[in-house]
1. Can you give the FRET efficiency for His125 and Ser410, using 1/(1 + (r/R0)^6), R0 = 51 Å, r = Cβ-Cβ distance, to the nearest 0.05?
2. For region 200-265, which GluC sites (Glu not before Pro) are in a loop by DSSP, counting at most 15 other Cβ atoms within 10 Å?
3. Counting other beta carbons within 10 Å of each residue's own, what order do Arg435, Arg122, Arg206 fall into, fewest first?
4. Of the GluC sites (Glu not before Pro) in region 367-437, which ones lie in a loop per DSSP and count no more than 14 other C-beta atoms within 10 Å?
5. Tell me what the chain gives for mean residue ellipticity at 222 nm when only DSSP H runs of n ≥ 4 count, each as -39,500 (n - 2.57), the sum divided by the residue total, rounded to 500 deg cm²/dmol.
6. With labels modelled as points extended 7 Å from the Cα through the Cβ direction, what inter-label distance (nm, one decimal) is found for Thr272 paired with Ser244?
7. Given contacts defined as C-alpha pairs under 8 Å and at least six residues apart, what's the relative contact order of the chain, whole-number percent?
8. Which ordering of Lys453, Lys316 is given by a fewest-first count of other beta-carbon atoms within 10 Å?
Amino acid sequence: MTEKSPGGALRKRELSQEKMSEPLFHSCAPRLFYVRTFGCQMNEYDSLQVRRQLAALGYESVDDMARADVIFLNTCSVRDKAEQKVHSFLGSLRKLKEANPQLKIIAGGCVAQQLGKKLLARFAHLDMVVGTRAVNSIGQLLQQVEKSGGRAAFLHDAGITGTGSGCFEIAPQPGVTAPLTIMQGCNNHCAYCIVPAVRGAERSRRPEEILEEIELLEGSGVKEVLLLGQNVNSYGAGLGEKISFAGLLRRIVSESGLLRIRFTTSHPKDLTEELMLCFAELAPLCKHLHLPVQAGSDRVLSRMNRRYSAGQYLEKVRELRRICPEIALTSDVIVGFPGETEEDFRDTMELIEEVRFDNLFSFRYSDRPNTRATAFEDKVDEKISARRLAELQGRQAEIALGKNLAEAGSIREVLVEGPSKASNGQVSGRTSQNRIVNFEAPLSSTGKIVAVKITHAYLHSMVGEAIVG
Ligand code: SAH
Ligand code: SF4
Ligand code: F3S
């Protein structure tokens, strides 16, 4: 952590420049790095820190992996499929290493933390394994390995300043929106989840540090931040000062000029009325809440160790909609959790029918090492869980499309993020409720909020017309 001094952010940048001013290589051709990220938005954030640190060491980012001198792979372990993807990607890098023995291949993130040295043993062409908390020191660790020429696994706790080297003047991908991790780890032990094991216990960053980072982001043109944590609702626990997540939101709104603030994820058991009221009181706070429910059956919820009932979840949803009627709700669901009966699954279907989520991320249960559920013996047959998942996703698609279609004719405020993916001359942005809208407007509207009349709606996006004047 950096000390708080008069001149705050500036002093921090000076410090980081002192630290990082010694370039690693003195030849004329810049060394090139390539970063590939799997997994969640927290990994996206960590990858940004990695990019910043490598850029500060004099490396340049390259889109073509085959040209890179350093490849950093940020990994996810949340489900077996995610982990397998990492193994096959790492395997595919062998050829690049053979072609260029100087290439440094680094695996970071959750699989790196989970497997440590085992990953080095499995992939002889892998040079470094960097765990979820050591990633903040990637610059120094890489220098160490470049000098020693050996292979190493770094799983130590390097603190969570999250700002890494603090070199924020190097904005690798200046954009309108930016992720910002406000806390790491998780103290909940959901029976299926590997995250607490790979991300460690929950730790919050100090509000001053978060505000400082927002100031730096704003300086590089960012208009919207996405505050990240496995359970942002318990933000502040363990900090010297008494501050709740709602308190942090209020500070950010009063001390920054951000147009928009989003956050994820909220555990339903910790969703307080104080936080719900923020949606009504804080204008820049987007009217969208991701509130993972996981299941609609009390028996399953209890075996998952979620510590709320379906009834309590529905009560919170009602309260939230009473406080902020226009709020969009999204969620995560796991089907085929061990012991899930047809009746339990019907309870989940009933819950999604009752809530009518704007969007839902649903997964088949996957055994993860050292989690409690892995030891449960009543595993659900894969064919049955596949059928349940297809039914859930089919119904949810109808609900989501219906909700999007109901937007037609309304006027929504859209924060323009840049050109639309279709490259058809349109721009693309999001409504406060997190719906994607494409419409005709000059690229110079990027970073601005534009009033748009919705004309067409599809499952994943909408089309509209800018309201002029
Ligand atoms: N901290 C967040 C999300 C963490 S992981 C939260 O508590 O909601 C993101 C999602 O992956 C979870 O919400 C859950 O739906 C899913 N997930 C986690 N472990 C899983 C497993 N073993 N099998 C299937 N899905 C899982
Ligand atoms: Fe995993 Fe549960 Fe923590 Fe979310 S709250 S990260 S699902 S243990
Ligand atoms: Fe995956 Fe790790 Fe995120 S396991 S979901 S990258 S916290």
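Every number here is computed from the coordinates shown, using simple stated rules; none is lab data. In this text, all values refer to a predicted model and were calculated from it rather than measured experimentally. Quick reminder, even Gly has a Cβ in these numbers, built from the backbone with ideal geometry, and neighbours come from all protein chains shown.
1. 0.40
2. Passing both the DSSP loop test and the Cβ count: Glu241.
3. Lowest count first: Arg122, Arg206, Arg435.
4. Glu377
5. Helix contribution divided over all residues of the chain: -11000 deg cm²/dmol.
6. Going from the Thr272 label point to the Ser244 one covers 0.3 nm.
7. RCO, the chain: 10 percent.
8. Lys453, Lys316
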